[in-house]
Amino acid sequence: MNRIQAILTLDMENIPDNFQEILIREKEVVAQWKEAGFLEHLFLRQSKNGAVLIFKGIDEEKVKELMEKLPLYQLKKNVEYLNLIQQF
């Protein structure tokens with residue numbers, strides 16, 4: 001099964017005062033995606049300026065649609081999408 005990797009980079013220079021509230025909502029959305037089965041992994045970046053999400057079983061257009069619904073998406077500096085093929 002192919003995977004799609006979304007690399008989200010946040011604009012850390014323009015973080016709003018309600019950032020902690022946004023993080024709480026973000027965790028709720030991610031938990032729903034994991035439960036639905038199309039988010040395989042979420043990795044926080046060591047630099048704490050974003051995350052890497054690995055999706056499975058959906059196409060790139062659907063991934064982009066979902067990413068736009070993430071609470072942290074409004075703080076994005078950049079998002080990069082990579083289509084991956086799992087090697088056995």
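The values are calculated or read from the model by the stated rules, or taken from the named source; none is laboratory data. Just so we're clear, the structure is a prediction, and the values are computed from it rather than from any experiment. For neighbour counting, all protein chains shown are included, and Cβ atoms are generated from backbone atoms with ideal geometry for every residue, glycine included. These accessible areas exclude ligands, DNA and RNA; they are computed on the full protein's heavy atoms, side chains included. Shrake-Rupley method; radii C 1.70, N 1.55, O 1.52, S 1.80 Å.
Which value results when the Cα radius of gyration for the chain is divided by 2.2 N^0.38 Å? All intermediate terms of the calculation are to be shown ahead of the outcome.
Values: Rg = 13.0 Å, N = 88, 2.2 N^0.38 = 12.1 Å.
This ratio for the chain stands at 1.07.
What is the set of long-range amide H partners of Glu40 at a cut-off below 5 Å, with H atoms built 1.01 Å from backbone N?
Ile54, Phe55, Lys56
Between beta-carbons, use under 14 Å as the cut-off and find the net charge around Lys48, counting Lys and Arg +1, Asp and Glu -1. Don't skip to the end; give the middle numbers.
Working: positive: Arg45, Lys77; negative: Asp11, Glu13, Glu26.
Surrounding charge for Lys48 is -1.
Kindly state, to the nearest 0.05, the FRET efficiency for Phe19 paired with Ser47, given R0 = 22 Å and r defined as their beta-carbon distance.
0.85
What 222 nm value per residue comes from the helices of the chain, counting each DSSP H run with n ≥ 4 as -39,500 (n - 2.57) and dividing by all residues, nearest 500 deg cm²/dmol?
-9500 deg cm²/dmol
Take every Cα pair under 8 Å in the chain that's 6+ residues apart, average their separations, divide by the length, and report that relative contact order as a whole percent. Before the final figure, lay out each step's value.
Values: 129 pairs, mean separation 47.0, N = 88.
Here the relative contact order equals 53 percent.
Can you tell me the dipole magnitude for the chain around its Cα centre, using point charges on the Cβ only (Lys, Arg +1; Asp, Glu -1), in Debye to the nearest 20?
Working: 12 positive and 14 negative charges, 50 e Å.
Dipole size: approximately 240 debye.
Which of the trypsin sites (Lys or Arg not before Pro) found in the chain are in a DSSP loop and have at most 16 neighbouring Cβ atoms, other than their own, within 10 Å?
Here the sparse-neighbourhood loop sites are Arg45, Lys48, Lys69.
Per residue of segment 9-19, in order, report the coupling 6.51 cos²θ - 1.76 cosθ + 1.60 (Karplus, θ = phi - 60°) as ³J(HN,Hα) in whole Hz, putting x for Gly and Pro.
10, 8, 7, 5, 7, 10, 7, x, 4, 8, 4
Need the full-extension length gain, Lys77 to Glu65, defined as separation in residues times 0.36 nm minus the C-alpha distance. One decimal, nm. Intermediate results must be reported in sequence, preceding the final value.
Working: separation 12, 0.36 × 12 = 4.32 nm, distance 1.70 nm.
Between Lys77 and Glu65, full extension yields an extra 2.6 nm.
Accessible area per residue, 1.4 Å probe, Å², for segment 19-88: what's the number? Before the final figure, lay out the partial values.
Values: 4950 Å² over 70 residues.
About 71 Å² of surface per residue is accessible.
Ignoring ligands, DNA and RNA, what percent of the accessible area of the chain is carbon or sulfur (1.4 Å)?
Details: 2920 of 6050 Å².
On the chain, the fraction of accessible area on carbon and sulfur atoms equals 48 percent.
Send over the Kirkwood Rh of segment 1-44, from the inverse of the averaged 1/r over different Cα pairs, rounded to one decimal Å.
Values: mean 1/r = 0.0811 Å⁻¹.
Radius from the Kirkwood sum: 12.3 Å.
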